[in-house]
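Notes follow the structure.
Every number here is computed from the coordinates shown, using simple stated rules; none is lab data. Please read these numbers as outputs of a predicted model, since none were measured by experiment. Neighbour counts run over all protein chains shown; Cβ positions are idealised from the backbone, glycine included.
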Amino acid sequence: MSTTNPVTITAPEGVPFIDITREFDAPVSAVFAAHSDPELVKQWLGPNGYEMDIEEYDFVSGGRYKYIHRDPEGGEYKFNGVFHVVRKNEFAIQTFEYEGFPDVVSIESMTFEDLGNGRTRLSGHSVYPSLEARDGMIESNMERGVVEGYERLDKIVAQS
């Protein structure tokens, strides 16, 4: 099943923000569950062809996460953060750090919006410590990972 739902990624000029919006043809509970269950997260997060090992993933207020993505050539990309606020089927705030750029931590919020008729809008807002850090994230091929990951997420939430 291919999706007709585009990903909108916006990086406003002059401010260290990235906004990502995507709609899913699935209920909020399914989209939220795919973010909260580490076994599901492993199936969709990141670019196609990457493997994911999760060391820790506790999607609750005060929980933590730590995982590694491995590209097809064996390159490793380690990430970690803290889930500051998680409200089931509604909202989450987390920190996000790519260990390849230590000390550059973004704060990200995700809003899970029920659009009715079993559809969901997921809106993410990321705040970086500088424009340089934000631009580095954009230049890291982030868009590919987001788009490809959400295409896999479509398949997961369609089964729920």
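For this structure, a couple of remarks:
- Per-pair calculated FRET efficiency, R0 = 30 Å: V60 and F101 via Cβ, rounded to 0.05: 0.65
- Rounded to whole Hz, the Karplus (6.51, -1.76, 1.60) HN-Hα couplings of region 140-150, x for glycine and proline: 7, 6, 3, 4, 4, x, 5, 4, 5, x, 5
- Highest mobility in the GNM of the chain, judged by mean-square fluctuation with C-alpha springs under 10 Å and restricted to V127, V104, V28, is found for V104.
- Taken along the Cα-to-beta-carbon direction at a fixed 7 Å, the label points for A158 and N117 span 1.8 nm.
- FRET efficiency, 1/(1 + (r/R0)^6) with R0 22 Å, evaluated for I138 and S109 via beta carbons: 0.75
- Highest-fluctuation residue, E55, E13, E97 considered, GNM on the chain with Cα pairs under 10 Å: E13
- For the pair region 84-115 / region 139-160, the C-alpha centres are spaced 16 Å from each other.
- Entry note, region 7-158: relative contact order of 28 percent, from Cα contacts under 8 Å with a spacing of 6+ residues.
- Summed over qualifying helices (DSSP H, 4 residues or more, each -39500 (n - 2.57)) and divided by its residue number, the chain shows a 222 nm mean residue ellipticity of -8000 deg cm²/dmol.
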